1. Using the Cα centre as the reference, give the magnitude of the dipole from point charges on the C-beta atoms of region 1-88 (Lys, Arg: +1; Asp, Glu: -1; all else neutral), rounded to the nearest 20 debye.
2. How are the Cα pair distances of region 1-119 distributed, in percent, across 5 Å bins from 0?
3. By how many nm would the segment from Asp48 to Arg81 lengthen if fully extended, with 0.36 nm per residue of separation less the alpha-carbon distance?
4. Using label points projected 7 Å from each Cα along Cα→Cβ, tell me how many nm separate Val9 and Arg110, to one decimal.
5. 7 Å from Cα along Cα→Cβ at both Glu20 and Asp40: what's the point-to-point distance in nm?
6. Using only Cα atoms, what is the ratio of the radius of gyration of region 1-56 to 2.2 N^0.38 Å?
7. If you take the C-alpha gyration tensor of region 44-86, multiply each eigenvalue by 5 and take the square root, what semi-axes do you get, largest first, in whole Å?
8. Which whole-number percent gives the relative contact order of region 1-72, counting Cα pairs below 8 Å spaced six or more residues apart?
Amino acid sequence: MFETTATVVGIVLTDPVTRETANGNRVVSFRLGATSRRFDKTTSEWTDGDRFITTVSCWRHLAEQVPSAVGRGDPVVVSGRLRTREYESGGQWRTAVELDASALGLDLARLRGPAPVGADPPFPARTEPTSRIAEVG
């Protein structure tokens, strides 16, 4: 079976949560949001387009690094395996989109202020979530 891989550029919407599985594997998860933007020539303004929200899961070595490097409001780039999970809630079937991360990093193009070299994370200059995705978190 083929795996669907994706790279998502977005904002961390929730604080990363660390937990351990029954067999002792560490996993860190958080919600990630991305909103497309486009320039409307008729109004000469930027407008929000579609939004994408997913749960990101980081396993093993990546899970050890995430809590000290990434926090709510940080702009990030996440690559990994994209999957959907169906479940029943309240008598209705729902679908959740999840991203099992294989790589994660700060989006330095959107980070406010310099990311200090050699400084202990979390970095002091965090980007506050803006636009419609911040309302969903």
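Read the figures in this text as sums done on the coordinates, not as results from a lab. Keep in mind the model is a prediction, meaning the values are calculated, not measured. Positions of Cβ are backbone-derived with ideal geometry, glycine not excepted, and every protein chain shown enters the neighbour counts.
1. Value, rounded to 20: 140 debye.
2. Answer for region 1-119: a P(r) of 2, 10, 17, 20, 18, 14, 9, 5, 3, 1, 0, 0 percent.
3. 9.3 nm
4. Between Val9 and Arg110, the simple spin-label model gives 0.8 nm.
5. It is 5.2 nm.
6. Ratio of Rg to 2.2 N^0.38 Å for region 1-56: 1.66.
7. Semi-axes (√(5λ), whole Å): 26, 17, 8.
8. Relative contact order for region 1-72 comes out at 34 percent.
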